[in-house]
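**Student:** My structure is below; once you've seen it, I'll send some questions.
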Amino acid sequence: MLDGALLVRRQRVPLRLSAASYFGGLLFGLALAALILVQLGVPTAALWQEFVVQTFLTSQGLGQTVTAMIPLVLVGLGTALALRVQFWNIGIEGQLWLGAMAATWVSILDLGPEPLRLPLILALSMLAGALWIALPLALKLLWDVSEVISTLLLGSIAFFWVQHQLFGAWRDGKTGFPTSPTLDAAERLPLLGWGQVHAGLWLALAAVLLAAMVIGVTRLGFYARAVGANRRAARAAGLPVLMTVAVFVLGSGALCGLAGAVIVTGTEFRLSQSIGAGYLFSGIIIAYLARSNPLAVLVVSFLLGGLYTAGGVLKVFYGISEAMVLLVQGVVLLSVLCAQLFADYRVVARRPA
Amino acid sequence: MHFPHPGPQEAPGRAPALLLRGIDKSFDGHRALDGAGFRLDWGEVHALVGENGAGKSTIMNVATAVYAADAGEVIVDGRDVPLRGPADAMAAGLGMVHQHFRLVGSFTVAENVALSLRGAGQKVSVAEAARLLAARAAELGFRIDPAARVDELSIAERQRAEILKVLLLGAGTLILDEPTAVLTADEAQALLTLVRQLARRGRAVVLITHKLREVAAYSDRITVMRQGRTVLDAAPAEGLAMDEVARLAVGEMPAAAPRIAARPGVPLLSIEGLSAHRGDGSRALDGLALELAEGEVLGIAGVGGNGQPELVDVLSGLRRPGGGTIRLGGADLLTASPAARRDAGLRVVPADRFDSAMAPGLSLAENLALTGVASGRFGGRWLVDRRKMRREAERLIADHEVRGGGPATPASLLSGGNAQKLLLAREVSDGARLLVAHSPSRGLDLRATRAVHGAIAEGVARGMACLLISEDLEEIMSLSTRVCVINNGRLSAPMPASEVTPERLGALLVGHA
């Protein structure tokens with residue numbers, strides 16, 4: 001069949017077409033996922049109920065989806081910011097761990113007066129995340145060390161540091177498990193009275209708005225566009241390339257650090273070994289699908305949050321194994337990614353000779 | 001019953017090597033070919049001439065099945081066999097040498113040939129490929145080292161390697177896309193002689209070019225294309241008036257920029273003892289010195305690889321110099337940032353505009369604003385004024401007759417000529433005191449070349465100085481008020497343009513003057 005068709009690259013991709021191809025890919029992926037789930041014994045009738053109604057259409061389900069979305073927005077935005085200046089932040093989880101540790105540290109030491117505790121946690125977590133990416137950034141700018149390697153390895157180091165703390169000084173004396181003691185009430189993000197949705201939502205929305213504004217209308221955003229599109233040309237044009245890269249990359253680390261603090265203070269209320277797992281892949285997928293556009297990051301994070309919520313339901317209520325849940329999620333995401341082909345290329349039937 | 005059928009080809013001689021009829025081809029609504037035709041006979045060198053975008057490369061890409069035509073027929077050596085891709089075309093004996101060679105840089109020449117032959121289904125070892133290469137090269141009367149890595153070869157050597165590869169693949173018909181664009185005059189002559197020799201031995205050769213004069217003497221027939229149509233079909237080259245052919249190819253022609261009169265102005269640029277090294281540590285600039293006054297154009301001729309790109313990079317601030325002085329109107333620029341250089345009035349048009357001057361992914365408006373945003377020309381301290389950017393872009397696009405896009409069009413969609421016009425519009429603007437231009441008309445057709453030269457001449461008439469670095473002697477001669485030659489990172493003593501003759505320049509170019 002492929003022999004009878006040609007792919008012709010489109011000179012320009014209309015927005016409508018791009019949106020339609022994403023949507024088509026999503027539908028295709030969901031259909032495929034549904035087939036797999038039916039094979040696994042999930043009743044057909046329950047699919048609509050679980051995937052759509054329970055995830056997006058009931059207040060409780062929507063609340064869960066939004067809660068899952070909050071840290072996804074922050075890490076997705078963090079990845080997107082770094083990508084804008086051609087910096088591959090593969091150390092999202094490392095910066096997230098540092099942010100989570102900063103939050104835990106403040107909580108354990110009861111630093112500062114209680115009313116200022118939460119702002120202090122959030123500020124320190126951003127600082128910690130930014131510092132954790134500052135080293136790869138400096139290595140890259142000074143000696144052109146590949147940030148893919150350095151951020152990735154620093155991510156592992158951060159995780160071992162977390163383990164070191166949890167099995168040592170920070171172990172919860174009451175339970176003996178390798179988790180930190182639970183946070184005091186003053187150290188928690190307030191709930192919004194809608195399921196588990198917490199005030200981290202406002203932080204995520206504010207971050208999206210701020211990023212969209214910086215990229216859209218500020219001089220710094222223009223510099224970043226130029227640096228991302230052609231670094232040498234930006235330098236030759238006299239733009240402050242180093243400053244631009246530094247601001248965007250440090251901002252990326254700060255957002256990922258904030259995500260760590262939001263997870264600890266918003267949903268988990270303690271540091272454990274499992275809270276950061278999977279955010280690296282999510283962050284990259286979100287930034288890629290959103291094409292590094294902050295508003296699109298919000299939309300993609302919401303849908304991905306739904307996918308994760310639905311996965312949780314499948315695991316708990318239908319006994320689907322973790323591996324199968326990941327497989328189903330992978331099928332959906334891969335379909336969406338592949339569908340972009342049909343926006344970028346036109347498929348033309350070969351003329352019969 | 002009688003079935004009409006195509007009989008054997010009418011004598012005399014064979015069917016044409018290549019026959020294209022009524023070819024249509026559109027890209028996203030843009031009509032690149034509009035009922036175009038082309039006929040190539042065995043034993044001839046055939047020049048396919050036209051401006052950029054006339055459809056020359058497109059029609060040959062249709063012939064070699066890189067593109068599928070929307071309509072029309074392709075007949076190779078009298079056989080109407082459908083070609084389903086470049087591999088089919090190669091098997092049918094059509095070998096195309098593209099502008100960007102299809103060679104693996106980290107492989108040796110022999111490995112490249114072996115790779116292609118195996119791709120075509122022949123089991124050939126690298127040693128056998130090396131033997132075949134050496135034999136074929138000797139037959140054609142030149143030397144090539146089959147064991148040399150391709151990325152260590154000069155452009156001319158790479159081209160020869162590519163031609164040999166295509167011949168060894170069994171090409172009876174050779175299609176060369178702008179083969180002389182990357183060559184020096186001597187190399188071009190050697191290539192054209194080789195090509196002629198191949199044709200005399202029975203092959204057929206197409207030379208796609210917009211430099212008619214260069215190839216005319218070596219061509220047997222000439223086909224001219226304009227705007228996707230064939231406007232002169234396989235006319236014998238002998239006795240053809242070249243001016244007439246050029247007029248057919250170009251249509252209405254803008255006037256050439258008037259010669260720039262030498263009016264010595266205030267001294268502006270002074271460079272002394274400038275040195276720089278390449279990435280591999282070799283010396284690129286070796287105590288280079290020059291003086292330049294306002295309203296002057298100093299042409300720096302020279303064979304490629306004598307330090308030209310390094311000189312441009314050192315001047316624009318992208319490469320750290322080893323030592324020396326660069327003074328522009330009193331300001332010391334040796335280690336100044338690119339921003340400080342722009343403030344001092346330095347403007348640069350590099351050889352490859354998408355390497356260090358423009359961003360292909362940004363819109364025309366953004367590219368035009370690239371150098372103005374930092375100084376606050378488009379908005380305040382914090383915000384950018386995109387409306388102003390767009391208005392400015394609209395104005396420049398109209399003033400400089402840039403075609404093929406508006407302010408929001410990505411720069412990558414413009415043709416080379418239009419992109420270059422746009423870059424000159426940006427660089428030769430308010431505050432430009434010195435323009436460093438490296439091969440500003442390379443790859444451009446006559447019309448765009450004239451527009452680019454006109455823009456430089458206009459700036460110079462306003463008192464701007466220009467350092468014109470080019471391997472194209474015609475370009476050097478048509479713009480410069482003084483001329484010198486760069487050789488191994490040093491400049492010869494400049495001479496007034498009126499005293500320059502091709503002979504004197506030629507002697508300097510090879511470094512024996």
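The values are calculated or read from the model by the stated rules, or taken from the named source; none is laboratory data. Only a predicted model underlies this, so the values are computations on that prediction, with no experimental measurement involved. A quick note on method: Cβ atoms are made from the backbone with ideal geometry, for glycine too, and the neighbour counts reach across all protein chains shown.
**Student:** What's the number of the only condition in (1) under 23 Å from B:Gly273 (Cβ atoms); (2) outside any helix (DSSP H, G or I) that B:Leu508 fails to meet?
**Tutor:** (2)
**Student:** Filter region B:369-399 down to the residues that are away from chain A (no Cβ under 11 Å) and buried (at least 18 other Cβ atoms within 10 Å of the Cβ) and list them by number.
**Tutor:** B:Arg390, B:Glu392, B:Ala393, B:Leu396, B:Ile397
**Student:** How do the strands (runs of 3 or more DSSP E) wholly within region B:14-84 filter down when requiring 1 or more residues that are within 11 Å of chain A (Cβ to nearest Cβ): which remain? Quick ask: steps written out before the conclusion?
**Tutor:** Details: elements: B:18-27, B:30-40, B:45-49, B:71-76.
In region B:14-84, the matching strands (runs of 3 or more DSSP E) lie at B:18-27, B:30-40, B:71-76.
**Student:** Sticking with this one: B:Ile326 is checked against (1) away from every other protein chain (no Cβ under 11 Å); (2) in contact with a helix residue (DSSP H, G or I) (Cβ under 9 Å, 6 or more places away or on another chain); (3) in a loop (DSSP other than H, G, I, E, B) and fails just one. What number does that condition carry?
**Tutor:** Here B:Ile326 clears every test but (3).
So that you can scan it fast, the table gives a plain yes or no per residue for (1) in a loop (DSSP other than H, G, I, E, B); (2) of a type outside the set (A, V, I, L, M); (3) over 29 Å from A:Gly312 (Cβ atoms):
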position	(1), (2), (3)
A:Leu62	no, no, no
A:Thr65	no, yes, no
A:Leu72	no, no, no
A:Gly78	no, yes, no
A:Gln86	yes, yes, yes
A:Glu93	no, yes, no
A:Leu135	no, no, yes
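**Student:** Now a separate question. For a quick check of your reading: which helices (runs of 4 or more DSSP H) sit entirely within region B:94-168 and have at least 2 residues that are under 22 Å from B:Glu187 (Cα atoms) and touching a Phe, Trp or Tyr at 6+ places or on another chain (Cβ under 9 Å)?
**Tutor:** On the way: elements: B:109-119, B:126-140, B:155-168.
In region B:94-168, B:155-168 are the helices (runs of 4 or more DSSP H) which contain 2 or more residues that are under 22 Å from B:Glu187 (Cα atoms) and touching a Phe, Trp or Tyr at 6+ places or on another chain (Cβ under 9 Å).
**Student:** Is at least one residue of region A:333-350 within 14 Å of chain B (Cβ to nearest Cβ), in a loop (DSSP other than H, G, I, E, B) and not aromatic (Phe, Trp, Tyr)?
**Tutor:** Here is the first cut: in region A:333-350, the residues within 14 Å of chain B (Cβ to nearest Cβ) are A:343-350.
The next check asks that each one be in a loop (DSSP other than H, G, I, E, B); those that pass are A:350.
Those still in the list that are not aromatic (Phe, Trp, Tyr) too: A:350.
Taking every residue of region A:333-350 in turn, at least one turns out to be within 14 Å of chain B (Cβ to nearest Cβ), in a loop (DSSP other than H, G, I, E, B) and not aromatic (Phe, Trp, Tyr).
**Student:** Is it the case, given these coordinates, that B:Arg353 is surrounded by 19 or more Cβ atoms within 10 Å (Cβ to Cβ) and either farther than 17 Å from A:Ala236 by Cα or within 14 Å of chain A (Cβ to nearest Cβ) (or both)?
**Tutor:** When the stated conditions are applied, B:Arg353 passes them.
**Student:** Just to verify a result, which residue in region B:435-459, among those that are touching a strand residue (DSSP E or B) at 6+ places or on another chain (Cβ under 9 Å) and assigned to a loop (DSSP other than H, G, I, E, B), is surrounded by the fewest Cβ atoms within 10 Å (Cβ to Cβ)?
**Tutor:** Filtering region B:435-459 for residues touching a strand residue (DSSP E or B) at 6+ places or on another chain (Cβ under 9 Å) gives B:435-440, B:452, B:456-457, B:459.
Among the residues that remain, those that are also assigned to a loop (DSSP other than H, G, I, E, B) are: B:439-440.
Numbers: B:Ser439: 21, B:Pro440: 27.
Going through the qualifying residues, I end up with B:Ser439.
**Student:** Then there's this: From the list B:Ala432, B:Ala408, which one is among the small types (Gly, Ala, Ser), surrounded by 19 or more Cβ atoms within 10 Å (Cβ to Cβ) and either in contact with a Gly (Cβ under 6 Å, 6 or more places away or on another chain) or within 14 Å of chain A (Cβ to nearest Cβ) (or both)?
**Tutor:** One residue alone meets the criteria, B:Ala432.
**Student:** Of the residues in region A:238-281, how many are within 14 Å of another protein chain (Cβ to nearest Cβ) and in contact with a Ser or Thr (Cβ under 7 Å, 6 or more places away or on another chain)?
**Tutor:** To start, the set of residues in region A:238-281 that are within 14 Å of another protein chain (Cβ to nearest Cβ) comprises A:238-244, A:247.
Still in the list and also in contact with a Ser or Thr (Cβ under 7 Å, 6 or more places away or on another chain): A:238.
Adding up the residues that qualify gives 1.
**Student:** Those residues that are over 23 Å from the mean Cα position of the chain (by Cα) and of a type in the set (A, V, I, L, M, F, W, C), I need them from region B:28-57; list them, please.
**Tutor:** B:Ala36, B:Phe38, B:Leu40, B:Trp42
**Student:** So, A:Arg235, is that one within 14 Å of chain B (Cβ to nearest Cβ), surrounded by fewer than 24 Cβ atoms within 10 Å (Cβ to Cβ) and touching a residue at least 60 places away in the same chain (Cβ under 8 Å) or not?
**Tutor:** No.
**Student:** Check region B:294-315 and report whether any residue there is within 14 Å of another protein chain (Cβ to nearest Cβ) and either in a strand (DSSP E or B) or polar (S, T, N, Q) (or both).
**Tutor:** Step one: of region B:294-315, the residues within 14 Å of another protein chain (Cβ to nearest Cβ) are B:309, B:312-315.
Pick out the ones that are also either in a strand (DSSP E or B) or polar (S, T, N, Q) (or both) and you get none.
So far as region B:294-315 goes, no, none of its residues is within 14 Å of another protein chain (Cβ to nearest Cβ) and either in a strand (DSSP E or B) or polar (S, T, N, Q) (or both).
**Student:** Are any residues in region A:244-291 surrounded by fewer than 21 Cβ atoms within 10 Å (Cβ to Cβ) and at pLDDT 95 or above, and if so, which ones?
**Tutor:** A:Ala246, A:Val247, A:Leu250
**Student:** Please count how many residues of region A:198-227 are within 9 Å of another protein chain (Cβ to nearest Cβ) and in contact with a Gly (Cβ under 8 Å, 6 or more places away or on another chain).
**Tutor:** Residues that pass the stated criteria total 1.
**Student:** Condition check: within 12 Å of chain A (Cβ to nearest Cβ) and not small (Gly, Ala, Ser). Does B:Arg403 satisfy that? Can you show your working first?
**Tutor:** Values: within 12 Å of chain A (Cβ to nearest Cβ): no; not small (Gly, Ala, Ser): yes.
Spelling it out, it is not the case that B:Arg403 is within 12 Å of chain A (Cβ to nearest Cβ) and not small (Gly, Ala, Ser).
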